[in-house]
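Heads up: the structure comes next, in structure tokens.
Just so it is clear, none of the values below were taken in a lab; they were calculated from the coordinates. The structure presented is a predicted model; accordingly, all values stated were derived computationally and were not measured. Note that we place each Cβ from the backbone using ideal geometry, even for glycine, and neighbour counts take in every protein chain shown.
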Amino acid sequence: MLRVAVWTLAVLAAVLVLDRVLLACEARGWINYRRRGLSRSGAAFHSLTLQAIFDPAAEHLQHVQYEEVEERDDSGDPPPPDAATPYIPEAAVRVAEAGTLHHTCFVVHDVERAAAALAASLGLKPWNVWTIEPVTTTVHGRNVPYSFRVALAQVGDSSYELLAPLAGASVYVEHLATKGEGFHHTCLAYPSLAAMRAAKDELARQGRDMIQSGGLGDAGEFCYFDIAETGAVLELLYLKELPPPEKTIG
């Protein structure tokens with residue numbers, strides 16, 4: 001009896017060692033062993049493996065389960081979505097194709113001081129300066145009046161923009177309070193108001209958050225969306241024309 005017990009323990013130990021060896025081979029990509037498509041715990045698998053040694057019915061059950069896993073793997077169905085990754089539906093309107101890169105914006109406390117510093121240090125000039133007072137405004141979905149100052153310097157076919165909040169609550173004020181001066185958004189400009197609004201509707205359809213918007217009367221319209229893929233803000237802009245700048249720096 002003792003001899004039978006010793007042999008049984010030896011067999012169990014050998015099976016466990018073999019299991020570890022096969023797992024190591026699987027980790028190196030040499031074989032598919034336990035982890036492919038199985039959701040049960042390691043302890044449950046050990047129980048089924050050891051039971052299969054002494055019970056042919058259990059071995060048949062294990063074989064059937066492997067076949068089911070293979071059928072699911074070969075079905076071509078996509079894996080279940082990761083709950084941590086937001087689902088973004090396929091675009092019905094190509095937001096970027098209809099627009100052109102208009103500017104990259106940096107929020108600052110003082111537009112004139114920042115423009116003069118960049119003109120002196122980088123030769124980035126001239127800067128044209130305007131005060132913008134939108135006719136209609138929203139901030140986080142609420143009607144909140146605000147105004148701001150901007151300075152634009154052309155670089156190739158695009159521009160650098162410096163922006164400083166002037167009055168009222170806005171995402172610019174929030175940015176300075178939480179992050180300080182620095183990069184805020186990129187802007188895509190559209191050739192027509194209809195094209196800009198189609199892009200806005202598409203981003204809203206995708207469930208994205210429009211954090212701010214502004215209407216400039218006949219001159220144009222703009223809005224800002226949080227873009228999860230970049231962790232930054234995207235501005236959509238239709239601008240018919242700007243009046244002559246209040247001043248030029250550099």
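Quick notes on this structure:
- Rounded if a/c under 1.5, otherwise prolate or oblate - the range 149-250, Cα gyration tensor axes: oblate
- Dipole of the range 95-249, positive direction: furthest Cα of Val139, Phe183, Thr248, with charges on the beta-carbon: Thr248
- Global form of the range 125-172, assessed from the alpha-carbon gyration tensor, a/c cut-off 1.5: prolate
- Cβ charges +1 (Lys, Arg) and -1 (Asp, Glu), total dipole of the range 95-249, debye: 160
- Prolate/oblate/rounded call for the range 86-191, Cα gyration tensor, a/c under 1.5 rounded: oblate
- Farthest positive-ward along the range 95-249 dipole, Cα basis, beta-carbon charges - from Phe222, Pro126, Leu193: Pro126
- Dipole of the range 119-250 computed with +1 at Lys/Arg Cβ and -1 at Asp/Glu Cβ about the Cα centre; of Gly156, Ser170, Met210, farthest Cα towards the positive end is Ser170.
- Between Phe183 and Glu229, the modelled labels are 1.6 nm apart [label points 7 Å from Cα along Cα→Cβ].
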